[in-house]
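Heads up: the structure comes next, in structure tokens.
Any read-out appearing in this document is the output of simple, stated calculations on the displayed coordinates, not a laboratory observation. From a predicted model like this one, the values you see are computed outputs, not experimental measurements. FYI the Cβ positions are ideal-geometry reconstructions off the backbone, even for glycines, and counts take in every protein chain you see.
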Amino acid sequence: MTTTPKPSRLPRFGLHRNLLRPDAGEQSDRVTYIELLFDLIFVLALTQLSRYLYDNQSLTGALQSAVLVLALWWVWVYTTWVTNWLDPARLPVRAAVIGLALVGLILSVSIFESFGSRGLTFAIAYVVLQIGRTVFMIAAVARHDRDLSHDFIRVLIWLAASGVFWILGGILPIEFRIWFWLIALGIEYLSGAVGFRLPGRGSARIEDWDISGAHIAERSALFVIISLGESFLVTGFAFVAQEYSVVGAASVLLAFVNAVTLWWLYFDHAQHAGTKAIARADKPGRIGNRAYTYTHAIIVAGIVLGSVADKEVLGHPDDAMKVSTAIVIGGGPFLYLVGLTVFRWIVVKEMLPSHIAGAVLIVVACATSAGMTPFVLFAIMTVILVATAAWETVTRVRAGGDDEQAG
């Protein structure tokens, strides 16, 4: 972590108190309870997102849901980067995180009607989160790490540009909203990919950022756990809202097995591999940006879509198969395996045959599902996921993998 003041003359702007995490010791990498409190807001956000996607199973609904999940992930991951540098044990940082959580609550309760009557509320909350957090970061580090403050000024300029499109999308008629918000998201995701480059001023030093790799890896893993927990909530509420049936009970069991298998695929080895890779990297900022900031968005999207599949199968287990239903049931596991494959390639330059085979089988199963019921396709997805996880684990054990490194 970077805590040593730069030898150059520092600006007068900024907080006098050094809020950066210490270089060493338990506090340098620790995930704090205030960060977990912030994460709890996203349990509600993900639940509302699943509800929206379930009620809008169309190409338009899928595109809108993609915008929402990418926006939620961007808010969360940017906050994680900030608390990677700043010490949440410090009262000003703790107060800032609590304030962000409050705005996040407003954002969460606006999700379901974000493409309806609460679009402007959602947009304002989102922009306030992004801009407010970045301004606080600049003020916190201006006197203590001038280069880092300059990097976040670049971040602020990009976020201000995207914020214009978020607000315009919330103001304009609903039919234009998706296009303005897509532009806003494009600006934000492009900004990180190009290092927040500004004309005539170069780019930020993302690859040279001195971050706590262990903290980034643990925070991302905890968000995966939160997302899986949201799937249990969605499944449980859907089950208790209907009358008991054998098919319903079997669907809940399959949903449980799916969630456990997703956990296994991530935490049996992938999470440890990522933690180890970023901890020993010469440029942890590079891995942090690629493997966690971007790639984990795919993994989380897969979990969210999987929770929608759980609810769909519980509600309509024996209906005739629709294309949208097949995409929902197979899309979650497919995205998850693709995300894991990309993640492992970035951190250890390894592509597992089990993941590739699993993704291919999912596509084949969905393509040939016309005569199946949703429950049957759901069961096939479960078999494919379990087989993929078993294949990976057996391969790891035979290669001499250490069980102590597993989740």
Pick from Ile329, Ile303, Ile98: which is most flexible by mean-square fluctuation in a GNM of the chain where alpha carbon atoms under 10 Å apart are linked?
Ile98
Work out the P(r) tail for region 299-407: percent of alpha carbon pairs separated by more than 25 Å, whole number.
25 percent
By average Cβ neighbour count within 10 Å, what is the ranking of 306-312, 156-162 from highest down?
306-312, 156-162
Percent relative contact order of the chain, based on C-alpha pairs within less than 8 angstrom and at least six residues apart?
17 percent
Global size of the chain as Cα Rg and Dmax, reported in angstrom:
21.7, 72
